[in-house]
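Visitor: Here it is, the structure in full.
Rule-based calculations on the coordinates, nothing more; no lab input. Here the structure is a predicted model, which means the values were calculated and not measured. Here the Cβ positions follow ideal geometry from the backbone for every residue, glycine too, while neighbour counts run over all protein chains shown.
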């Protein structure tokens, strides 16, 4: 879970991106939410159709490659925005803890163990937050449309997504495969998650590439990346402080491939990214 350009500017623009960012034992399913949401809820809360909204504040620290800063470490505060609303199998979902933006979807199929959603939502962002990128073409958000398949096998939750940009900006394909589970210890809900993300060459070229024309009018060298696969791991804990207040903490680790780091847009390069965050949210 991780948004490509927001993910890659995590250190330099976390406060701005946090509106989008704020990184299981089930026997039945009606609508399947984001896997991070699923894993953070106790087994008895397996109904994911409940409408809710929550706001909170968090703080995060970590180390990551940066587009505009030579210092690899970062520490920032951020706003947590979580919520969902469902009507006749149509849902609007926003789970900031996962690192993704708002999602509009339709539940096309549901059984005791599997659920298939058709989803669409904005993903990725541009480079207009810093004067360093003046002269480059605009990098507009992509409207990623596709399917999300969620399965419950024993104590594990599997989630697979395949999406394509229908806005015509990046014209790229994004695919993810994730598996996780949770462990309930009294009122503490611990979870773990591992998986991979595939970005095709169109996404990487649109957001991280530099064309010959751009190179001619800037100081950047031309760059045309290919596709890449990033690996991700996450552990976290959720604790209900009271009926309305929820505490969460998350540690994340991601690999960063050469297709990313070879881009001349980066000021600081690394082969890994790691973060630790904690938040306190009020559920309305």
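Visitor: Just grab the label-to-label distance for residue 118 and residue 282, each label 7 Å out from Cα along the Cβ direction, in nm (one decimal).
Guide: 3.9 nm
Visitor: Here's a follow-up. So what is the calculated 222 nm ellipticity per residue for the chain, using -39500 (n - 2.57) for each DSSP H run with n of 4 or more, over all residues, to the nearest 500 deg cm²/dmol?
Guide: Value at 222 nm, helices only: -3000 deg cm²/dmol.
Visitor: Taking all pairs of different Cα atoms in the range 156-284, averaging 1/r and flipping that mean, what Kirkwood radius in angstroms comes out?
Guide: Here the Kirkwood hydrodynamic radius works out to 17.3 Å.
Visitor: Fewest Cβ neighbours within 10 Å first, please rank 252, 270, 186, 40 accordingly.
Guide: Least crowded to most crowded, the residues run 186, 270, 252, 40.
Visitor: Right, something else. How would 132, 163 line up from fewest to most surrounding beta-carbon atoms within 10 angstrom?
Guide: Exposure proxy ranking, most exposed first: 132, 163.
Visitor: Rank-order 136-147, 94-105 by packing density, defined as the average count of other C-beta atoms within 10 Å over each peptide's residues, highest first.
Guide: 94-105, 136-147
Visitor: With viscosity set to 1.306 mPa s and temperature to 10 °C, compute the Stokes-Einstein D of the chain, Rh being the Kirkwood radius across alpha carbon pairs; µm²/s, no decimals.
Guide: 82 µm²/s
Visitor: Measuring from a point 7 Å past the Cα of residue 61 along Cα-to-C-beta, which residues in the range 260-284 have an amide N at less than 19 Å?
Guide: 273-280, by backbone N distance to the label point.
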